[in-house]
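Colleague: I am attaching a structure below and will ask some questions about it afterwards.
The values are calculated or read from the model by the stated rules, or taken from the named source; none is laboratory data. Just so it is clear, the structure is predicted and the values come from calculations on it, not from any experiment. Here the Cβ positions follow ideal geometry from the backbone for every residue, glycine too, while neighbour counts run over all protein chains shown. The protein model used for the area step is the full one, side chains on, heavy atoms only, and it has no ligands, DNA or RNA in it. Shrake-Rupley method; radii C 1.70, N 1.55, O 1.52, S 1.80 Å.
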Amino acid sequence: MRLIDPDGEQLGVVSIDKAREIADEFKLDLVNIAPTAKPPVCRVLDYGKYRYDMMKKEKESKKKQKTITVKELRLTPKIEFHDLNTKANRAIDFLKDGNRVKVSVRFRGREMGHTEIGREVLDEFTELVSEYGQVDKKPKMEGRSMVMFFSSKSDN
């Protein structure tokens with residue numbers, strides 16, 4: 001196995017027994033860093049400190065991640081302009097917060113025969129929201145609902 005000492009210098013390719021002796025001399029642990037390499041790479045280091053540093057890096061990377069939630073708004077084909085405006089303002093608030101927005105138009109009964117009205121409602125909704133968000137997925141029928149997704153323009 002290839003051995004690296006605590007200072008980061010390579011000690012060359014040595015046997016496992018020799019590597020254990022060297023680790024005992026330093027009073028540190030022998031850690032297998034790259035087991036799939038040819039030959040495997042081991043390092044002499046303080047394993048407790050190594051684990052602590054790895055956990056610290058993992059926590060730091062999680063802090064930098066941004067969780068994106070999907071907020072849903074439901075519309076109907078017969079929605080009035082003022083109600084549509086109110087829903088659009090709500091969607092704009094969600095988009096400003098960096099969330100994705102799922103807008104669905106629910107069809108009931110005979111409304112299923114006039115899905116083009118729902119598409120018009122979604123087109124109108126898109127115009128109202130276009131300043132703050134962009135269409136992620138175009139309108140698509142899913143069962144009795146026509147669904148489309150928006151994402152914040154600031155994300156891209």
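Colleague: Quick one: pull the percent of accessible area on segment 40-95 belonging to carbon and sulfur, 1.4 Å probe, ligands and nucleic acids left out.
Modeller: Ligands and nucleic acids excluded, carbon and sulfur give 52 percent.
Colleague: In addition: How big, on average over all directions, is the shadow cast by the Cα convex hull of the chain, in nm²?
Modeller: The Cα convex hull of the chain, projected and averaged over all directions, gives 14.7 nm².
Colleague: Can you tell me the dipole magnitude for the chain around its Cα centre, using point charges on the Cβ only (Lys, Arg +1; Asp, Glu -1), in Debye to the nearest 20?
Modeller: Computed charge dipole of the chain: roughly 560 debye.
Colleague: Restricting to segment 2-61, what percent of DSSP beta bridges are antiparallel, rounded to 5?
Modeller: 75 percent
Colleague: Oh, and also: For the chain, what relative contact order do you get, as a whole percent, if you take Cα pairs closer than 8 Å and at least 6 residues apart?
Modeller: Averaging sequence separation for qualifying contacts and normalising by length gives 17 percent for the chain.
Colleague: Check cross-link reach from residue 27 to the lysines: straight Cα distance under 21 Å, and skip same-chain residues fewer than eight apart.
Modeller: In chain and number order, the partners are 18, 49.
Colleague: Then there's this: Looking at segment 70-152 only, what percent of DSSP beta bridges run antiparallel? Nearest 5 please.
Modeller: Bridges in segment 70-152 are about 70 percent antiparallel.
Colleague: Something else: When DSSP assigns beta bridges and you keep just the ones with both residues in the chain, what percent turn out antiparallel, to the nearest 5?
Modeller: Rounded to the nearest five, the antiparallel share is 70 percent.
Colleague: Sticking with this structure for a sec: Return the FRET efficiency for the residue pair residue 58, residue 5: r is the Cβ-Cβ distance, R0 is 22 Å, and the value is rounded to the nearest 0.05.
Modeller: About 0.25, to the nearest 0.05.
Colleague: Using alpha carbon coordinates only, what is the Rg to Rh ratio of segment 66-126, with Rh defined as the Kirkwood radius?
Modeller: Rounded to two decimals, Rg/Rh equals 1.03.
Colleague: Within the chain, which DSSP H helices have Cα atoms that stretch 20 Å or more along the helix axis and a mean Kyte-Doolittle hydropathy of at least -1.0?
Modeller: Helices passing the filter in the chain: 81-96, 115-129.
Colleague: Moving to a separate point now. Calculated FRET efficiency, residue 145 and residue 80, Cβ-Cβ r, R0 22 Å, to nearest 0.05?
Modeller: 0.65
Colleague: In addition: Filter the cross-link list 64/137; 102/137; 66/96 down to pairs whose alpha-carbon distance in this structure exceeds 21 Å.
Modeller: In this structure, 64/137 exceed 21 Å between Cα atoms.
Colleague: Now, a different point. As a check on your grasp of the helix formula, calculate [θ] at 222 nm for the chain: sum -39500 (n - 2.57) over DSSP H runs of n ≥ 4, divide by the residue count, round to the nearest 500.
Modeller: Helices in the chain give a 222 nm mean residue ellipticity of -12500 deg cm²/dmol.
Colleague: Name the residue from 88, 45, 151 whose Cα lies farthest towards the positive end of the charge dipole of the chain, charges +1 on Cβ of Lys and Arg and -1 on Cβ of Asp and Glu.
Modeller: It is 88.
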